[in-house]
Each structure stands twice: as structure tokens, then as C-alpha cells.
Amino acid sequence: EENEENAAWFLREHADFRPAPLRPLLPPPAGRHFTDERFSLEGSALQLLPHVDGVDGFFIFRAVRAPRVDS
């Protein structure tokens, strides 16, 4: 929960960023290994768990700066 809360805080505090899809950046077979249910925050976050994924626990979050709109 804390990881997602931190990512949500970042998005609230930095209005010029938006969540960005993470799956396209994962190398095969990892991108196919994770079901949609494993992703959160509009597909921009993934939590890796030792007892599920066989790796150290890790949280990945991707955000990109939104394009500037000049008026």
C-alpha cells in the first residue's frame, strides 16, 4: 500500500506528470508473465514479491511528463 500511496502522492504533487503504461517496457517473457491484475495505477505500477515472483521485493512505477499546452 505504501508504494502505491507514494506514487499517487507524486502524481498529485506533480501535475505535469501522468501515469504511463509499464508493460511495453518489460522485456519478454516478463511482459507476458504478469497478468493485468498485477498492475495498478492505470497500468503504470507493478509490485514484485519474493514469494510470488522468486525475486527480491520491488516496486516499479512509471510516469511521464505531460506535453505542454501553450495557449
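If you go through the range 55-64, how many residues are charged (D, E, K, R) and over 17 Å from W9 (Cβ atoms)?
1
Return the total of residues in the range 53-67 being part of a strand (DSSP E or B) and farther than 22 Å from E2 by Cα.
Summing the residues that are part of a strand (DSSP E or B) and farther than 22 Å from E2 by Cα in the range 53-67 gives 1.
What are the residues in the range 53-71 that are touching a strand residue (DSSP E or B) at 6+ places or on another chain (Cβ under 6 Å) and surrounded by 17 or more Cβ atoms within 10 Å (Cβ to Cβ), if any?
If the condition is that a residue be touching a strand residue (DSSP E or B) at 6+ places or on another chain (Cβ under 6 Å) and surrounded by 17 or more Cβ atoms within 10 Å (Cβ to Cβ), then F61, A63 are the ones that fit.
Taking the range 1-52 on its own, how many of its residues are aliphatic (A, V, I, L, M), outside any loop (DSSP other than H, G, I, E, B) and open to solvent by less than 60 Å² (accessible area, probe 1.4 Å)?
Residues flagged as aliphatic (A, V, I, L, M), outside any loop (DSSP other than H, G, I, E, B) and open to solvent by less than 60 Å² (accessible area, probe 1.4 Å) within the range 1-52 amount to 7.
The values are calculated or read from the model by the stated rules, or taken from the named source; none is laboratory data. Note that the structure is a prediction, hence the values are computed from the model and not measured. Note: ideal-geometry Cβ built from the backbone for every residue, glycine included; neighbour counts use all protein chains shown. The area values use the complete protein model at the heavy-atom level, side chains included, leaving out ligands, DNA and RNA. Shrake-Rupley method; radii C 1.70, N 1.55, O 1.52, S 1.80 Å.
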